[in-house]
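A quick write-up on the structure given underneath.
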């Protein structure tokens with residue numbers, strides 16, 4: 001029997017508030033650790049520095065004047081450690097220059113394809129660093145077939161150098177009992193039913209389009225099913241604030257901000273439906289998380305989302321304001337229709353697993369080692 005593949009993984013994103021990439025890294029690490037016969041994975045930072053001992057200022061990356069020096073020091077230390085391993089896995093788009101086989105996970109190309117949706121400093125960073133990272137990558141993991149097609153179309157990367165590994169809901173994302181739902185509902189002072197949005201409030205998520213559709217609902221429906229927006233405040237948040245005021249929606253919309261992971265299952269369980277009108281996603285985990293908790297989903301038909309949702313959710317053009325309003329109205333008023341989508345989502349969720357993701361990732365590692 002051959003020895004396990006020896007992999008170092010850059011787990012820096014675990015030292016920040018967890019969003020999509022952070023949850024991907026955390027869940028993948030847990031799944032890879034169950035595959036001990038095939039792989040020995042070594043997370044770089046948490047291997048010797050427990051997360052809870054890292055100063056918050058470092059975790060949040062707020063010392064901008066110090067960041068370039070910190071990044072260079074981090075890269076140097078990482079390279080020294082990486083030489084002890086066979087394979088380096090960078091889970092967040094741009095790898096550090098290393099002399100070993102490098103696997104890079106690319107979640108999406110939104111910064112390159114739609115720079116207008118991102119702040120200038122992020123766009124300049126990608127323009128400066130992404131191409132160099134692409135050239136030093138041996139093999140790519142991509143989040144969806146959609147991202148794979150974009151990688152070929154925009155960057156000329158052959159399909160045979162990429163492996164699609166679908167993500168999955170976390171184990172704790174499942175329908176919650178009434179007591180736990182009531183506790184979380186009370187924690188955020190939420191009504192019995194509500195529409196739910198989960199994700200950063202930023203341009204590509206099309207939150208203004210969602211607000212316009214919600215504003216067109218009958219006032220009685222809005223009152224019984226307010227819109228709850230969870231997630232960090234991202235770039236151009238001012239446009240959302242202005243829209244709330246212009247539509248007079250301040251009493252029908254709740255802005256919860258960043259919600260801890262342990263509250264999400266109950267929010268999904270309690271919601272009338274997840275409403276997710278994003279223009280662009282490399283994968284799109286919240287709809288899958290919602291389905292795992294028995295929450296019906298109304299989702300954009302753009303980018304990767306049809307791959308994730310299949311026929312288990314209401315798929316709509318993100319610009320079809322009238323279609324979104326009607327779907328939300330019916331989801332609020334037609335219990336049988338809502339239950340049908342809930343049932344379909346429960347079945348669809350079973351097609352995704354972190355064990356399968358880990359096994360596909362290990363297969364990618366093996367191919368990269370052969371190519372190096």
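The values are calculated or read from the model by the stated rules, or taken from the named source; none is laboratory data. Values in this document were obtained by computation on a predicted structure and should not be read as measured data. Backbone-built Cβ (ideal geometry, glycine too); neighbour counts: all protein chains shown.
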If you scan the stretch 230-241, which residues turn out to be farther than 21 Å from residue 16 by Cα and either part of a loop (DSSP other than H, G, I, E, B) or at pLDDT 75 or above (or both)?
236
Boolean, residue 260 is without any contact (Cβ under 8 Å) to a residue 12 or more places away in the chain and surrounded by fewer than 16 Cβ atoms within 10 Å (Cβ to Cβ)
yes
The one condition in (1) touching a residue at least 12 places away in the same chain (Cβ under 8 Å); (2) outside any loop (DSSP other than H, G, I, E, B) that residue 281 fails to fulfil:
(2)
Criterion (modelled with pLDDT under 95, crowded, with 16+ Cβ neighbours inside 10 Å and part of a loop (DSSP other than H, G, I, E, B)) met by exactly one of 249, 244
249
I'd like to verify a number: residues in the stretch 94-120 that are part of a strand (DSSP E or B) and free of Cβ contacts under 8 Å to residues at least 40 places away in the same chain, how many?
1
May I ask you to list the residues in the stretch 292-332 that are without any contact (Cβ under 8 Å) to a residue 60 or more places away in the chain, assigned to a helix (DSSP H, G or I) and closer than 10 Å to residue 345 by Cα?
309
Here are some conditions: (1) out of contact with any helix residue (DSSP H, G or I) (no Cβ under 6 Å at 6 or more places or on another chain); (2) crowded, with 19+ Cβ neighbours inside 10 Å; (3) under 24 Å from residue 101 (Cβ atoms). Residue 138 meets all but one. Which one does it not meet?
(1)
So residue 274 clears everything in (1) in contact (Cβ under 8 Å) with a residue 40 or more places away in the chain; (2) in a helix (DSSP H, G or I); (3) farther than 24 Å from residue 111 by Cα except one condition, right? Which one?
(2)
Test result for residue 349, touching a helix residue (DSSP H, G or I) at 6+ places or on another chain (Cβ under 8 Å), free of Cβ contacts under 8 Å to residues at least 40 places away in the same chain and closer than 24 Å to residue 270 by Cα:
no
